[in-house]
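Input: a single structure, listed below in structure tokens.
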Amino acid sequence: MAGVATLLGLLVGSFLNVVIYRLPVMMDRAWRRECAALSAAPGDTIPEAEPFNLVRPRSVCPACRTPIKARHNVPVLGWLWLRGRCAACSAPIPARYPVVEASTGLVSGYLVWHFGYTPEAVAALGLTWALIALTVIDLDHQLLPDSITLPLLWAGLLFHLLFGPHPDGSPFAPSLTDGVIGAMAGYLSLWLVYQGFRLVTGKEGMGYGDFKLFAALLAWLGYQMFLPILLLSAVTGAITGISLLLLGRHGRQEPISFGPFLAAAGFVALVWGEPLLVAVPFLRVFS
């Protein structure tokens, strides 16, 4: 099953590349249409744009607009076969595409090996796939789309409603109540940090997407994972930010996406959260 999950993950990773590229473009086009509709005079018609979604149009090379053949879309292997260049114009294809595909495949196989043939494994796959897409989108655009974070939150609560706590009786297995409390605590905590930072500095320290992502993670994992996710994401984010500043690769006024650190901390809590709470007692303040 782990091998099957790895192959499935490779295919899902290919689709995630589509989501990562197209979803921000779809959002931008929707915003522009709304702005045009608001600024249009009465009676004016807004021209219909060509369809652009996760299915249409067919994928093309960004440089020469040549449609990509199906055999070149095979996850990882297609990029290796082309040696990282477009078959038509030899323009370079970013290595990020096979990296996303390979990472999704390997992580998917590991999750099924870790959780076994259980509903928890299916849920973990869905959650992790969403986190991968959110991570790369946030790195590219400093954006965490509501179309992913909000369904992710409700899906976590629905999972607890349908399946309840893990049958092994683990004290850390979240229930529906744990998920609801976690979602509220996750959103409210970062919202308060945001408001406090803005009050003191007059600037916005993070976006509302971070609140929603933290709420979604705790909806899945329960309020018991509040401190592990918050501390791990904050510490790794601070270390990364300071390192980039010292190396001269990031300006002091340039914002750093917090979503990838939340997503990484959420994955750690998903897989190793229970032993982490046992090993580090002060993290269990909310347990």
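Scoring residue 265 on the criteria (1) touching a Pro at 6+ places or on another chain (Cβ under 9 Å); (2) farther than 23 Å from residue 174 by Cβ leaves a single failure, condition (2).
State which residue is farthest from the chain's Cα centre (by Cα) when the search covers only the range 203-220 and only residues that are without any contact (Cβ under 8 Å) to a residue 60 or more places away in the chain and open to solvent by 10 Å² or more (accessible area, probe 1.4 Å). Across the range 203-220, the extreme among qualifying residues is 203.
Residues that are under 18 Å from residue 187 (Cα atoms), touching a residue at least 12 places away in the same chain (Cβ under 8 Å) and of a type outside the set (S, T, N, Q) within the range 139-153 comprise 143, 144, 145, 146, 148, 150, 152, 153, listed in sequence order. A residue that is touching an Asp or Glu at 6+ places or on another chain (Cβ under 6 Å), part of a loop (DSSP other than H, G, I, E, B), under 21 Å from residue 134 (Cα atoms) and small (Gly, Ala, Ser) cannot be found anywhere in the range 259-272.
Of all the listed residues (106, 80, 111), the sole one being open to solvent by 70 Å² or more (accessible area, probe 1.4 Å), within 30 Å of residue 162 (Cα to Cα) and modelled with pLDDT of 85 or more is 106. Considering every residue within the range 153-164, establish whether at least one is under 17 Å from residue 16 (Cα atoms), in a helix (DSSP H, G or I) and at pLDDT 95 or above. For the range 153-164, residues under 17 Å from residue 16 (Cα atoms), in a helix (DSSP H, G or I) and at pLDDT 95 or above: absent. A single member of 111, 143 is of a type in the set (A, V, I, L, M, F, W, C) and either in contact with a Phe, Trp or Tyr (Cβ under 6 Å, 6 or more places away or on another chain) or more than 30 Å from residue 281 (Cβ to Cβ) (or both), and it is 143. Within the range 236-258, the set of residues being outside any loop (DSSP other than H, G, I, E, B) and open to solvent by 30 Å² or more (accessible area, probe 1.4 Å) comprises 236, 238, 239, 240, 242, 243, 244, 245, 246.
The values are calculated or read from the model by the stated rules, or taken from the named source; none is laboratory data. It should be emphasised that the depicted structure is a prediction, and the values quoted were computed from it without experimental measurement. Neighbour counts run over all protein chains shown; Cβ positions are idealised from the backbone, glycine included. These accessible areas exclude ligands, DNA and RNA; they are computed on the full protein's heavy atoms, side chains included. Shrake-Rupley method; radii C 1.70, N 1.55, O 1.52, S 1.80 Å.
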